[in-house]
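Below you'll find the structure, written out as structure tokens, and then a few comments.
The values are calculated or read from the model by the stated rules, or taken from the named source; none is laboratory data. Computed from a predicted model, the values in this text were never measured in an experiment. When we count neighbours, we look across all protein chains shown, and the Cβ atoms used for this are built from the backbone with ideal geometry, even at glycine.
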Amino acid sequence: MNLEQTTERARLGKPFTVLWTAATVSTIGDGIRLAALPLLAAAVSRDPLAVAAVSFSGQLPWLLISLVAGALGDRWDRRTLMWTVDLGRALVMLMLAIIVMTSTAGIVVLSAVAAFIGVGQTLFDSSSQALLPTIVPRAALPSANNRLTTTRITINSFVGPPLGGVLFAAVAALPFVADAASFGMAAALTGILLPVERAGRGSRDAGQVRTPSLWSDIREGVHWLARHRVLRSVAALIAVVNFTQAATQSVLVLYALQDLEMTQRGYGVLLAASGVGGLLGGLCGPALRKAIPPAALFAATIVITVPIFVVLGLTSIPAVAAAMIGLNSFAGLTASVLLQTLRQSLVPDRLMARVVSAMGLLAVGIGLPMGSIAGGLLANVFGLRATFLASAVLIAISMIVVPRVSKAISGRHHAPDGGTP
């Protein structure tokens with residue numbers, strides 16, 4: 001380990017190292033399951049609707065319970081909630097492994113497992129994102145967000161899914177045992193090694209008046225976000241971006257095979273290009289943030305998305321399409337780090353999980369599924385390329401909020417106590 005790495009680790013602190021290690025271990029399991037669960041569903045049934053139901057069951061909790069998850073993350077100790085959820089997910093995955101070894105797991109069982117894991121993910125993500133600003137110095141938040149995001153993209157692109165496919169081919173139950181082990185290890189790291197005194201309550205206990213009900217907590221968080229002009233704009237922008245990303249991803253395989261006339265292996269190259277772009281975005285992020293003012297860097301990541309989609313909608317050259325997809329991931333990761341850091345600087349700790357969950361409801365619970373549906377409908381009526389061109393138009397329209405968000409990122413539009421700038 002060189003001096004620069006040692007200095008960065010010291011700046012981020014030991015609690016972050018524990019959290020990052022737990023996230024890395026858990027993400028490996030997530031990547032393994034990402035490949036293995038659809039493979040198991042396809043082995044059980046060849047009905048496309050049945051297989052899709054398993055994936056849909058895992059996404060549904062973001063729509064149904066994200067606001068509740070955020071309220072619980074602000075009411076309960078976040079560290080305890082995180083390790084308890086991971087322990088519960090470890091037990092469920094272990095039960096699935098036993099079922100696979102001893103009998104046939106039907107689609108209903110797989111859908112139930114996916115839904116339970118999705119509920120756990122919703123609870124965990126709301127609390128972990130809210131926990132980060134309480135264990136990392138504010139000046140180090142960009143580095144912390146960059147490291148967490150880069151690790152997730154790298155593992156989910158290059159490590160977890162290939163490993164999941166290999167393990168499933170060897171023994172069908174093995175990837176689920178590995179996923180259970182990853183959840184168990186993450187729970188142990190979070191529950192045992194993450195310091196209690198820095199792991200959760202912070203300013204939430206200081207002078208806070210407890211609202212009478214969970215619904216009141218949810219309403220407070222939603223109303224706070226709705227009144228905050230900057231974060232309201234951020235939430236809308238992320239929802240639009242996620243909508244366009246889901247729309248284009250939903251037709252990407254057909255776009256590659258039909259319009260670009262690529263093979264199935266070529267489609268894999270397009271997916272790899274996305275992973276490479278995200279990885280490079282994470283590796284280059286610190287240098288970019290030093291060389292370019294953050295406000296200008298953020299604006300550039302949104303502006304460049306428009307020509308990226310236009311080129312994808314017009315090109316017939318696979319290499320050009322791969323370059324655009326990689327650049328899209330590069331820009332997406334760079335913007336994500338900047339926006340996460342902005343949110344962490346603007347939201348008070350006592351509301352952090354609720355605001356995270358409310359934004360997640362728009363971005364993940366609504367933006368992703370609606371984008372997937374819209375992408376399929378557009379492609380069906382106007383052709384595959386229309387999805388990319390329509391996405392470019394939507395991003396161009398959403399740029400109306402970019403000046404406001406850029407001003408906030410630059411520090412000239414800051415409301416740390418939850419005001420409405």
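What number of residues in the range 35-70 are crowded, with 21+ Cβ neighbours inside 10 Å, closer than 30 Å to Met352 by Cβ and of a type outside the set (Phe, Trp, Tyr)?
So the count comes out to 6.
Every residue, every condition in (1) over 30 Å from Asn380 (Cβ atoms); (2) modelled with pLDDT under 90; (3) of a type in the set (A, V, I, L, M), yes or no:
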residue: Ser182; (1), (2), (3): yes, no, no
residue: Thr190; (1), (2), (3): yes, no, no
residue: Leu194; (1), (2), (3): yes, yes, yes
residue: Gly200; (1), (2), (3): yes, yes, no
residue: Asp205; (1), (2), (3): yes, yes, no
residue: Asp217; (1), (2), (3): yes, no, no
residue: Ala239; (1), (2), (3): no, no, yes
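Would you confirm whether or not the range 254-263 contains a residue that is on the phi > 0 side of the Ramachandran plot, of a type outside the set (Phe, Trp, Tyr) and outside the structural domain of Asp74 (by TED's automatic domain parsing)? It would help to see each step written out before you state the result.
Of all residues in the range 254-263, those on the phi > 0 side of the Ramachandran plot come to 261.
Applying the additional criterion that residues be of a type outside the set (Phe, Trp, Tyr) yields 261.
Narrowing further to those that are outside the structural domain of Asp74 (by TED's automatic domain parsing): 261.
There is at least one residue in the range 254-263 that is on the phi > 0 side of the Ramachandran plot, of a type outside the set (Phe, Trp, Tyr) and outside the structural domain of Asp74 (by TED's automatic domain parsing).
Taking the condition assigned to a helix (DSSP H, G or I), surrounded by fewer than 20 Cβ atoms within 10 Å (Cβ to Cβ), among the polar types (S, T, N, Q) and touching a helix residue (DSSP H, G or I) at 6+ places or on another chain (Cβ under 7 Å), does Ser128 pass?
no
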